[in-house]
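Notes follow the structure.
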Amino acid sequence: MGPMGMPPGPPPDLQKKMRVPPPKHLREVPAYLAKLAGGFFKRWLYLFQLVWETRKWILFVMCTLSILSGFLPIVSALVAKHLINALVSAAGGTLDAGFSVILSLLILTFACTFATRMINSVSNFVTRLASELVTNHIRVKIMDKAKKLDLASFDRPEFYEKLENANREAGHRPVQILKSSFSLVSSIISMVSFVAVLAAVSPWSSVIIILLSLPSAIVNFVYRRKNVLYMRRRSKDRREMDYFSGLMVNKDMVKEIRMLDLGNTLMQKFQTVFKRYFAGLRRLILGEGAWDTGLTALSAAVNCLLFLSIAYQVYGGTLTVGDYTLYTGALNAIASAVAALISTTAGIYEGTLFIDNMIAFMAEPVALKTVSGALPAPQIMQGRGHTLRFEHVSFTYPGAAHEVLSDVNFTLNAGETTVLVGLNGAGKTTLLKLLMRLYDPTGGVIYLDGKDIRTYDLRAYYDLFGIVFQDFGKYALSVRENIAFGDIHRESTPDAIRQAAEAANAEAFINRLPDGYETPLTRMFELNGVELSIGQWQKLAIARAFYSRSDILILDEPTAALDAIAEQEIYSQFDALRKGKTAIFVSHRLSCARTASKILVLQNGRVIEDGTHAELMQAGGEYARLFTVQASRYLSEDSDSLR
């Protein structure tokens, strides 16, 4: 089941783990601030590590550009001061050096302008390149982690919280933080430079501006944190909105939605969730906006007074017109740098809180591992029959309250064909998942050839199985690739692919496709892609099983979407394929069980009957009842059709 089908919302314990509790007493404030700062720098360094792993030159280039960008404003301001003084002197007839001084200063002005534009231009395309490279690196890390995770992880809502958040932020957040971090460096360099210049005429002006910025900084940090925590709490709402909007554009659902007139209903549900989600977000935005407006007005009033002070000194002859330009420019630059410093730092802080999502996802533990002991992992002999044994096996899904399987005991001998029979929910598919070690039992042991399956190398164990799942994969790739996925370690040859297709009774419809085995499937990516019927998809899934050179065949409802003739042809092919191999079927069509070596009947997570078709029919138990009911339905339909 995908994220849209999972129970919503992150559990409270995950939210508590991510949140630093606020101080209850004044003496706890230093420790609280230390924890916040420690967490911030830990996440910030993690981000830089990701960029370093991607391409080392990204950090060097962006660092160099930020340093140059930080010094250029003060250089430009000093050149502008001398240029204005020279022009004023020239206008008053007191410029002794001639026009060459003005020309030199103009050249320096245009050089600064050119350098600024070049740095911005280079910074833009470096950022774009870095964005693509870093995003790719992070997505590959997420995919690599996902391929190693246990299937049990996908059953937990909190896992989807981590996965959703990590995927959502991977595309833009890291590069955004990286760019902001280097912008911060530029702002600090510029601010320090202008503070040094302004100190010559008004040392307290810089202090006043910086002190005025403290309330704004506090507001920014408080609301950034509130915003992140709100987004985490409302992850359920975002997933619901994605779910309802996704249904409306899902090509597999559009027919049912149209015929049942569900469009307006689903849109209404989307709007209801959005209103609930937006209500809290609006309060945060308006609250922050009110504080910002008031603090901005106060800052503007103080700046106006500082400007008047400098203008009065020019009026009194203490400063020149060029000095006025330099110092008022310095005031503006310091105010802008402080504002940028606050907003950028708050943005980085908020961004690093979102990086928690990826850190949490990458830290997701892997429980399914080879159990190491004093001896090395036993070797699996492939190309031969294998014996499987369940001994007092029980299983409960993570977070569930009741057992799905309880004290299951049976043996599958080498070369036997076993059919699992039972009503929906009896535990058949779960038993197969345990057999394939997609999960480990919560009780009991499963043995392969007399050894605990947990002692085998996991990859080598998986390679034993050729599988057709009930919810088989439909890959938006070519027909050939869909079949070759049955054994990616095998050299793919046209003859081997064709033989697997013939065995699955798929050759006929494949030959009718526009490009045969190279035909792209689905129109997800290709305009000439072909949409197959569910029965044709199932034949490709069966072809994958034929293509794999496995010792154990697992077939979970392999012919559910096929007609009776195609089903009989497939089972005839399976009879040839499974010779010398251990095969396990799950099917609601009990006709396939008649030729099986063994039938296991499951009910409420227990094996209640075990034997051949003849033995179980003679016993007159649950299997005989199910078989008789199914057979009588077919007989009654035949009788009705003859009347």
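The values are calculated or read from the model by the stated rules, or taken from the named source; none is laboratory data. Keep in mind the model is a prediction, meaning the values are calculated, not measured. So basically every Cβ, Gly included, is an ideal-geometry build from the backbone, and we count neighbours across all protein chains shown. Just the protein is used for accessible areas: all its heavy atoms, side chains included, with ligands, DNA and RNA removed. Shrake-Rupley method; radii C 1.70, N 1.55, O 1.52, S 1.80 Å.
A simple packing score, the average count of other Cβ atoms within 10 Å per residue, orders the peptides 82-90, 190-198 as 190-198, 82-90, with the highest score first.
Arrange the residues His392, His588, His137 by how much accessible surface each exposes, largest first, with a 1.4 angstrom probe.
Result of the area sort, largest leading: His392, His588, His137.
When nucleic acids and ligands are ignored and a 1.4 Å probe is applied, Trp57 ends up with an accessible area of around 100 Å².
Work out the FRET efficiency for Ala300 and Ile67 from their Cβ-Cβ distance, taking R0 = 22 Å, and round it to the nearest 0.05.
After rounding to 0.05, the efficiency reads 0.10.
Remark: the Asn424-Val75 segment gains 117.9 nm on full extension, using 0.36 nm per residue and subtracting the alpha carbon distance. Taken along the Cα-to-beta-carbon direction at a fixed 7 Å, the label points for Met118 and Ala624 span 9.4 nm. Of Glu288, Glu53, the residue with the largest accessible area leads and the full order is Glu53, Glu288 (1.4 Å probe).
Using a cutoff of 8 angstrom between alpha carbon atoms and counting only pairs six or more residues apart, the relative contact order for segment 42-157 works out to 36 percent. One Cα centroid belongs to segment 470-489, the other to segment 279-293; the line between them spans 51 Å.
Between Met362 and His588, the contour length at 0.36 nm per residue exceeds the alpha carbon distance by 77.3 nm. The dipole here belongs to segment 435-533: it is taken about the Cα centre, uses +1 on the Cβ of Lys and Arg and -1 on the Cβ of Asp and Glu, and is about 180 debye. Across segment 405-518, Cα pairs under 8 Å and at least six residues apart give a relative contact order of 15 percent. The mean sequence separation of alpha-carbon pairs under 8 Å and at least six residues apart, normalised by the residue count of segment 206-300, gives a relative contact order of 45 percent.
So, taking all protein chains as they sit and a 1.4 Å probe, how much accessible area belongs to Thr429, in Å² rounded to tens? For Thr429, solvent-accessible area is about 50 Å².
Which length gain, in nm to one decimal place, applies between Met524 and Lys236 when the Cα-Cα distance is subtracted from 0.36 nm times their residue separation?
Working: separation 288, 0.36 × 288 = 103.68 nm, distance 2.78 nm.
The span from Met524 to Lys236 would gain 100.9 nm if fully extended.
When Cys112, Cys304 are compared by accessible area at a 1.4 angstrom probe, the order from most to least is Cys304, Cys112. A probe of 1.4 angstrom, applied to the heavy atoms of all protein chains, finds Leu151 with accessible area near 60 square angstrom.
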